[in-house]
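Quick notes on the structure that follows.
The values are calculated or read from the model by the stated rules, or taken from the named source; none is laboratory data. On a predicted model such as this, the values are computed, not experimentally measured, just so you know. Cβ coordinates were reconstructed from backbone atoms using ideal geometry, including for glycine residues, and neighbour counts include every protein chain displayed.
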Amino acid sequence: MGGMEFRLDRLNTAQETTQTELGEVKTRLDGVETRLDGVETELSEVKTRLDGVQTRLDGVEREVRYLRRDVGELKGDSYEREIRDKASAVFGYVVRRGRDIHRYLNERLHQAVDEGRLTVAEHRQIMASDLIWEGRPRGSEGTVILVVEASWLAEKNDVERALLRAELLRRLGFQALPVVGGKVWDKQAEALAKEQGVVRVHDLNLDDESWNEALNRLKKDLTS
């Protein structure tokens, strides 16, 4: 019996030790869980702060886009004013007695609308030109109208607008040439302008080759 009681005592002691160790493990696990909860809370706070940072960055990105757009518009407006103010210097050596005919032409276009030869939308399209300049080309007795689109960055749509507006005027019997001016030229715009015979102005310098090409095309159209 004594041996059995000794073994039972040892078993009880071992069980108590195991329970104590399990209790310590549970306590440590509870501590780990508490720390993990703390880490999770901190991560959640970090995520919240990062979301706030992302929101602010999105706002900054929008502001930068708006700023770029505004700067682009200001540069474009500035160049348009410059080419209008210096039209005599830009075109004066290829046309004589040059003048801006926006107001004069407007009355003629109203008449064309009344006669059904032009739509109101087409009238508006022509009058939206940045500059409409009339003059006599060197060596010619007739007058030509330069339908000018001016943009800091000359793009394909600038060329297309100049072509459309010049064509509308030609339909009414005017000798109109499409002209596009740009401080900087997009490659596609340059290629299209060359292909379609559009007069090109780089900064404030008229391209002589494009002028001669456009004038020759106009003469061919008149004789064909």
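Kindly indicate the residue of segment 108-148 that is in contact with a strand residue (DSSP E or B) (Cβ under 8 Å, 6 or more places away or on another chain) and closer than 14 Å to residue 167 by Cα and also surrounded by the most Cβ atoms within 10 Å (Cβ to Cβ) among those meeting that condition.
That would be 147.
What pairs come up if the first residue lies in segment 82-93 and is on the phi > 0 side of the Ramachandran plot, the second is modelled with pLDDT of 95 or more and assigned to a helix (DSSP H, G or I), and their beta carbons are under 9 Å apart, counting only those six or more places apart or on different chains?
Hits for this filter: zero, empty list.
Considering only segment 124-224, give the strands (runs of 3 or more DSSP E) lying wholly within it that have at least 2 residues that are at pLDDT 95 or above and over 24 Å from the mean Cα position of the chain (by Cα). I'd like the intermediate steps shown before the answer.
Values: elements: 131-137, 144-154, 176-185, 199-202.
Output list reads 131-137, 144-154, 176-185.
Say whether the condition of being of a type in the set (D, E, K, R) and part of a helix (DSSP H, G or I) is met by at least one residue in segment 111-118.
yes
Taking the options 97, 49, name whichever one is modelled with pLDDT of 70 or more, assigned by TED's automatic domain parsing to the domain that holds residue 144 and surrounded by fewer than 14 Cβ atoms within 10 Å (Cβ to Cβ).
Details: 49 fails: assigned by TED's automatic domain parsing to the domain that holds residue 144.
That would be 97, the only listed residue that is modelled with pLDDT of 70 or more, assigned by TED's automatic domain parsing to the domain that holds residue 144 and surrounded by fewer than 14 Cβ atoms within 10 Å (Cβ to Cβ).
Would you check which residues across segment 76-98 are hydrophobic (A, V, I, L, M, F, W, C) and in a strand (DSSP E or B) and list them?
The one that is hydrophobic (A, V, I, L, M, F, W, C) and in a strand (DSSP E or B): 95.
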